[in-house]
Amino acid sequence: MTLTYFYGTGRRKSASARVRLYPGDAGFVINGKPAEEFFSRQVDMNTALEPLRATETEGQFRISVVVQGGGITGQAGAIRHGIARALLVSDPELRKALRSGGFLTRDPRAKERKKPGLKRARKAPQYTKR
């Protein structure tokens, strides 16, 4: 017996999430743990589930996620991106709702590299005239 699922990859900063949506009963598992246990803050949980709320498909899929890299908030953003892409595979009609919510666009913001001669990416050493 093969279980059919819809797949989507999401990325945010250095986090990468591989998302599978199984049609049927609701459930949300991240790295083998229930989502409520994985996310300590409700804000991250809400971020991850935004595409489902925007498309009114909450409770229609069992979600299985493998996420690695980055911090908790970056991982939540990666999961959100992955869920949106998987929803698009499941039903191309959802593109308009997902696009208007900005869920299909990968967030390009990342940490800026440190430059030589500076203390951080942009902070220069203090200037003294005398």
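The values are calculated or read from the model by the stated rules, or taken from the named source; none is laboratory data. It should be emphasised that the depicted structure is a prediction, and the values quoted were computed from it without experimental measurement. Every residue, glycine among them, receives a Cβ derived from its backbone with ideal geometry; neighbour counts consider all protein chains shown.
Assorted remarks:
- Being in contact with a Phe, Trp or Tyr (Cβ under 9 Å, 6 or more places away or on another chain), touching a residue at least 24 places away in the same chain (Cβ under 8 Å) and closer than 13 Å to R11 by Cβ holds for only one residue in Q75, Q68, and it is Q75.
- Subset of the range 6-20 (residues that are of a type outside the set (D, E, K, R) and either more than 21 Å from R109 (Cβ to Cβ) or surrounded by 18 or more Cβ atoms within 10 Å (Cβ to Cβ) (or both)): F6, Y7, G8, G10, A15, S16, A17, V19
- Filter pass, V67 being in a strand (DSSP E or B), within 13 Å of V19 (Cβ to Cβ) and hydrophobic (A, V, I, L, M, F, W, C): yes
- Applying the criterion of at least 3 residues that are in contact (Cβ under 8 Å) with a residue 40 or more places away in the chain and more than 16 Å from Q68 (Cβ to Cβ) to the strands (runs of 3 or more DSSP E) found wholly in the range 1-44 leaves 15-23.
- Only one of R106, R80 that is in contact with a His (Cβ under 7 Å, 6 or more places away or on another chain), among the basic types (K, R) and closer than 30 Å to P34 by Cβ: R106
- Any hit, the range 49-62, residues being within 17 Å of G32 (Cα to Cα) and either assigned to a strand (DSSP E or B) or modelled with pLDDT of 95 or more (or both): yes
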